[in-house]
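J.: The structure is given below, and queries will be raised subsequently.
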Amino acid sequence: MPGHLSHWFCFLKITENAFKHPPAITEALLKERDKQAKWNGIPLLLQKLYEHSHPNSDFSQCQSILKEISPLLSMEAMAFVTEDRKAAQESTFPNTYTFDLFGGVYLLVEILMRPTLITQKKKQKISDDLIKDCLSILYNTCICTEGVTRRLAERNDFVLFLFTLMTNKKTFLQTATLIEDILGVKKEMIQLDDIPNLASLVSSFDQQQLATFCRILAVTISEVDLGSDDKHTLLAKNAQQKKNLGPSRAEINQATLLNIPGFIERLCKLATRKVSETTGTSSFLQELEEWYTWLDNALVLDALMRVANEEAEQSSTESSDESGLANTSTRTQLPQSMKIMHEIMYKLEVLYVLCVLLMGRQRNQVHKMIAEFKLIPGLNNLFDKLIWRKHSASALVLHGHNQNCDCSPDITLKIQFLRLLQSFSDHHENKYLLLNSQELNELSAISHKANIPEVDAVVNTDRSLVCDGKRGLLTRLLQVMKKEPAESSFRFWQARAVESFLRGTTSYADQMFLLKRGLLEHILYCIVDSECKSRDVLQSYFDLLGELMKFNIDAFKRFNKYINTDEKFQIFLNQINSSLVDSNMLVRCITLSLDRFENQSDAKVAEVLSECRLLSYMSQMSMRMSFLFRLINIIHVQTLTQENVSCLNTSLVILMLARRKEKLPFYLRTLQQMEYTEKYPGFILNNFHSLLRFWQQHYLNKDKDSTCLENSSCISFTYWKETVSILLSPDRTSPCAIVSYIDEAYMDIDRDFSEE
């Protein structure tokens, strides 16, 4: 066997374990087999590539060999991205498979990394064009041949090496594309601290490169999804937290990013920069627009944009080139639709990173920085022209999607924007930056008129950092919210964003600010008149309605004015009762508000109490007991999640208010009677006992959760803890202990529900 063939097959053996022993095969036999198997000469080309890439080689011949291989693989990659995904998965891609089978992937990895592995004083240099060809071929093989990406991901040294290639602008795009694919399948999240010279790498990026880098960062700072629904239970999460005492890798990566000088400031500038005002005709680079119909990767779009911009720059100094994509007169006119889509796809990535950081451990630090760098006023200025712009008939959409598809960039940007607002406003005093100066003055005027103190956060808000213009961001959001079609996918996110503004300690001025803008009537229209069917949207509306009405007698008066017939009221009740998991926060709000109103002697309050259908309904003991019974019955310790644990807290609110009035024994006795009526003694109270034991384990070690409970109910957390302890008392003679109402024959309270 020729020596070079023997060495090549040894290479295969070492790098890929493709063969147990180097097979005795001649070059002639390989050529003959090539014809039969239709390998298109790929094994022979790889053999030549191996010969010309030995440690002492100058790689001069490698590029010409790769130029022969590349079209064979890119043709299949093009077929993959242009076909429907299902059809593509069922297709076979023989060229990329053959390339991988004969060690092509590992050979390219060795070529790329060889300069870093050789200890000679004079390092080998690889040309930018050779690096680009290697990266492009690797990417094409990854997308067409199953398992290649995963194998590359297992090479941690190669993954970290790829980041070093991002310093070169000529190879940046190909490198970023490959890194993104590899990190998407990597089992263990990389640690950003391991990337050589990360801070200087990031500082070397221009703004477009930084936006692209955010696509990669998204994978490194997001907590890994636990997978199946049962793993999202609070039991499972608590057990996981006990195992992971320290911060997660995602949290460590978030801290690493925040320590990079100027990082957040640059993200804020990217998020708020305006699309270039340069206009162009729709005829410019028509071919690129046609290409865009199948694009689902912003990196590819960026490559096309760079080509277009380079063409435009050249056209100002060179004569028309007939071989180009367009002539000189059109070459300088980049389509505005393409510029807008380019900017949208970048803003998506930047907003996502900012949103994740806002929800992380360093939340207050991030808040301070994005306020200082005026993210919110900047987004407010982009609201009409970019974020909530009107679609044009010729708007570009992704392959396989339409303008109204939830996956289209326009829609994804809107949702990401709303998620950012939700994270920004939630339980943080910086939420008032969503208003402009006039609107802040309006809040102050509402407080003065009601003769109540102004909220400290309003007084302390730095007016130089708030929104400018006629309307703040919150008001703009309310305007588009009220115009949203009934079937819109935005309704859920809009309601969540507005609700987060109201969360925390109840503010009468905040509520009145929104009530004066017709928000309550809009919500009731959606719940009652349009008879909304979406469970997610209904839940978001009920939660928002609860925050809007809590302790606010004017809101209940407005409610009664809108729900002015028994028929409307029955539809409203049907919506509440259709799913208590979705509506329980509203039930809690009504219960708390009723309790407060009943203890007030104000004539206006008394009038509303006597007239309001909703308050009259909840004042009936039978209705409160019905809600309590059902709230306890629909949850169990093993099925508790972040979504339905609120049902447990709402049932506790009902019993805490009963305890205040010394009626706790009556409520427990009524629950016992209801059990017997259902002919299943003990099933509610045993379950409630287990739920309260879990409540103690879950909440007594969580400062944030306990603060939220206290702020949202205006009941001290000490009273919460005391009430739970009293209910869980083992003393069967205590009239306030659950065990006193469970017959010994039906007692089942000692079950171990911990999840290892």
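The values are calculated or read from the model by the stated rules, or taken from the named source; none is laboratory data. Keep in mind that this is a model prediction, so the values were computed, not measured. Positions of Cβ are backbone-derived with ideal geometry, glycine not excepted, and every protein chain shown enters the neighbour counts. Remember, those area values only see protein heavy atoms, side chains included, never the ligands or the DNA or RNA. Shrake-Rupley method; radii C 1.70, N 1.55, O 1.52, S 1.80 Å.
J.: Tell me the net charge near Arg419. Cut-off is 12 Å between Cβ atoms, Arg419 excluded, with +1 for each Lys or Arg and -1 for each Asp or Glu.
T.: Every neighbour counted, the sum reads +1.
J.: Averaged per residue, what accessible surface does region 518-613 expose to a 1.4 Å probe, in Å²?
T.: Result: 38 Å² of accessible area for each residue.
J.: Keeping all protein chains in place and using 1.4 angstrom, which order do Tyr508, Tyr525, Tyr432 fall into by accessible surface area, from largest down?
T.: Of Tyr508, Tyr525, Tyr432, the descending order of accessible area is Tyr525, Tyr508, Tyr432.
J.: What whole-number distance in Å separates the alpha-carbon centres of region 722-740 and region 478-547?
T.: 40 Å
J.: Tell me, what HN-Hα J-couplings in whole Hz come from the Karplus equation 6.51 cos²θ - 1.76 cosθ + 1.60 at θ = phi - 60° for each residue of region 545-562, using x for Gly and Pro?
T.: Computed from phi, the couplings for region 545-562 are 4, x, 5, 6, 9, 3, 6, 10, 5, 5, 5, 5, 5, 5, 4, 5, 5, 7 Hz.
J.: If you count only protein heavy atoms with a 1.4 Å probe, what accessible area per residue comes out for region 620-755, rounded to a whole Å²?
T.: 46 Å²
J.: Let me ask something additional. At most 11 other Cβ atoms within 10 Å and a DSSP loop assignment: could you name the GluC sites (Glu not before Pro) in region 149-195 that fit?
T.: Here the GluC sites (Glu not before Pro) that fit, given the DSSP loop and packing criteria, are Glu188.
J.: Could I ask something else about it? Students often get this wrong, so check it: of Lys550/Lys661; Lys186/Lys347; Lys482/Lys561; Lys38/Lys67, which have C-alpha atoms separated by over 23 Å?
T.: Lys186/Lys347
J.: Sticking with this structure for a sec: Local charge sum around Ala606 (other residues, Cβ-Cβ under 14 Å, Lys/Arg +1, Asp/Glu -1)?
T.: For residues surrounding Ala606, the net value is -1.
J.: What does the charge add up to near Leu192, with Lys and Arg as +1, Asp and Glu as -1, over the other residues with Cβ less than 14 Å from its Cβ?
T.: -2
J.: Continuing with the same structure: Going by average Cβ neighbours within 10 Å, how do the peptides 511-522, 647-658, 675-686 rank, with the highest at the top?
T.: Descending packing order for the listed peptides: 647-658, 511-522, 675-686.
J.: Taking a 1.4 Å probe, which of Trp493, Trp720 shows the most accessible area, and what order do the others take after it?
T.: Putting Trp493, Trp720 in descending order of accessible area: Trp493, Trp720.
J.: Leaving out ligands, DNA and RNA, and with a 1.4 Å probe, what % of the accessible surface on region 620-755 is carbon or sulfur?
T.: That share works out to 49 percent.
J.: If you don't mind, another one. Trypsin sites (Lys or Arg not before Pro), restricted to region 532-577: which are DSSP loop and have at most 16 other Cβ atoms within 10 Å?
T.: Of the trypsin sites (Lys or Arg not before Pro), the ones in loops of region 532-577 whose Cβ has at most 16 other Cβ atoms within 10 Å are Lys533.
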